[in-house]
1. Subtract the Cα-Cα distance of residue 19 and residue 98 from 0.36 nm times their separation in residues, and report this length gain in nm to one decimal.
2. In what order do 33, 47 fall by count of nearby beta-carbon atoms within 10 Å, going from fewest to most?
3. Mind giving me the nanometre distance, one decimal, between the label points for residue 87 and residue 141, set 7 Å out from Cα along Cα→Cβ?
4. So for the chain, taking the charge dipole from beta-carbon charges (+1 Lys/Arg, -1 Asp/Glu), which of 119, 22, 45 sits furthest toward the positive end?
5. Under unit Cβ charges (Lys, Arg +1; Asp, Glu -1), what dipole magnitude, rounded to 20 debye, does the chain have relative to its Cα centre?
6. In Å, what Rg and Dmax follow from the Cα atoms of the stretch 1-48?
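Here, each number is a calculation from the coordinates, and none is a lab measurement. Values in this document were obtained by computation on a predicted structure and should not be read as measured data. Every residue, glycine as well, gets a Cβ built from its backbone with ideal geometry; the counts of neighbours run over all protein chains shown.
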Amino acid sequence: MRGERWPGVVVRHGEAVRRKAWSGEERLRPLTDEGEAQARRLVALLDAFGVTGVHTSSSTRCLDTVRPYATSSGCPLTAYDVLSEEDATTDGVVDLLDTLVDAREPVVVCTHRPVLPTVLDALGAPDVELRPADLLVVHHRKGRVVAAEGYRP
């Protein structure tokens with residue numbers, strides 16, 4: 001799909017253990033059983049869009065949301081602190097997204113609710129509310145967004 005048209009997929013991590021119920025380090029907060037099921041259901045959706053690269057926050061709940069697809073498809077999975085809730089900065093997110101868009105490859109980016117507005121803005125996508133494991137497919141043509149559509153696994 002390299003070239004004129006390609007989708008970029010943005011995913012909010014799956015349902016995670018509630019913050020108040022988790023006493024460990026925030027970055028290590030895991031998915032619930034439902035979050036794990038959501039991650040498994042994402043595999044077919046991401047495959048339908050020909051995703052060839054998996055880019056995610058380094059937090060456990062994000063990694064575990066997209067790992068089933070990376071494992072199933074054989075796509076490389078790359079984790080970034082700059083996509084994490086704790087370390088995201090506007091400049092860091094914009095720089096990463098610019099690099100991914102410039103590559104013109106169908107990729108998925110998984111991150112957290114507080115980081116989503118920056119990711120969507122960097123992509124030129126509409127600012128939509130994504131619930132856990134929801135995804136927004138942002139269709140690019142010749143370097144600009146021509147459509148966006150949401151899915152729930």
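1. Details: separation 79, 0.36 × 79 = 28.44 nm, distance 3.15 nm.
Extra length available between residue 19 and residue 98 comes to 25.3 nm.
2. The fewest-first ordering by Cβ neighbours comes to 33, 47.
3. Label-label distance for residue 87 and residue 141, simple model: 3.8 nm.
4. The one lying farthest along the dipole's positive direction is 45.
5. Details: 19 positive and 23 negative charges, 93 e Å.
Around 440 debye, computed over the chain.
6. Gyration radius and largest Cα-Cα distance of the stretch 1-48: 14.9, 47 Å.
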